[in-house]
Amino acid sequence: VERLERALESNHAASSSKIIAVGAADRQKQVRSALEANPAIKPRLADVIAPDAEALMTALAGLVPNRARIETIRISGDKQAQHEVAQVLIKSAAAICTAIGTQPIPLADMPILTTLQLVMVSGIMYVSGRERTLRAATEFVGALGVNVGAGIFFREGARAILKFLPGWGNLVSGMITGAGTYAIGRAAEAFFVQGVSIRDARTTYRRAKKHAAAVESAPTASRRRPGRRRLRLRE
C-alpha cells in the first residue's frame, strides 16, 4: 500500500486514473480493506478482482471510454455486459421506430423502419463478437419469419389501414412498430448473445412481441378511464 501511494504521488499523470486490485478469492476482502484505509488510494479504487483474465476484462469494460468499452466487451465475451449493451440498442431502436411509426403517411416509413431494425440486429451481432453485416442481419430477420412473403404485406397493410383513422390510427401504428422492433431485438439478443437455437429465437420473438404490445397499450387503456387513473396517482 505504501509503495502504491508513493507511485501515485510521483506520477502526476495518474491523478485521474483508477486502480484495479487483484487478489486471491480468499483475500479479496483483506485487500479491499487495506486499500480503502488509505485516503490517497480509496477514491481511485475501482474494483478488487480475482486473478482471472475474464474478470479483468469485465472490470476494464466499466472504466474505458464508450468506443473502447464496446471493443472490450466484444473481445472479452462477457455475456452480462453484452446483454446490457444489447438492451440499450433494443430500447433505443424500439423508441425511435415507435416515433417514426406514428407519422401519418401510409407505407412511407417502411424503408426507414426496416433499415433501423437491420442496423439494430447488426449492432447486436457485433457486440456478441461476430462481424456485422446488413446481409447477415437480413438473413436472421428472414429466418424469424418476420418479413418474408405475405407476412410483411399483411402487417404493413394493417398498419397502413390504421393510419387512415384520425389520431388513434397513428398511435396504434406506432405501437405496433415499436413492439415489432423490440421483439426482433430480443430475438437477436437471445440468438447471438445467449446462444439459443433459431427455433427458440422465434419463440422469444413471439413472446416479446405480445409482451411489448401489452405494455405499450396499457397507457392507452388508462387514458380511456381518467377517473381511475387519477385514483392511482393519488395512491
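Points worth noting:
- Global geometry of segment 10-67, whether rounded, prolate or oblate, following the gyration tensor of its Cα atoms and the 1.5 cut on a/c: oblate
- Within the accessible area of segment 9-66, the carbon and sulfur atoms contribute 54%, probe 1.4 Å, all protein chains present.
- For residue 49, distant residues with modelled amide H under 5 Å away: 21, 22, 23
- Residue 79-residue 33 FRET efficiency (beta carbon distance; Förster radius 45 Å; 0.05 resolution): 0.90
- With K and R counted +1 and D and E -1, the other residues having a Cβ less than 13 Å from that of residue 46 yield a net charge of +2.
- Pairwise Cα inverse-distance average, inverted: Kirkwood Rh of segment 22-145 (Å): 17.4
The values are calculated or read from the model by the stated rules, or taken from the named source; none is laboratory data. All values derive from a computational prediction rather than experimental measurement. For neighbour counting, all protein chains shown are included, and Cβ atoms are generated from backbone atoms with ideal geometry for every residue, glycine included. Surface areas here come from the heavy atoms of the whole protein model, side chains and all, with no ligands, DNA or RNA. Shrake-Rupley method; radii C 1.70, N 1.55, O 1.52, S 1.80 Å.
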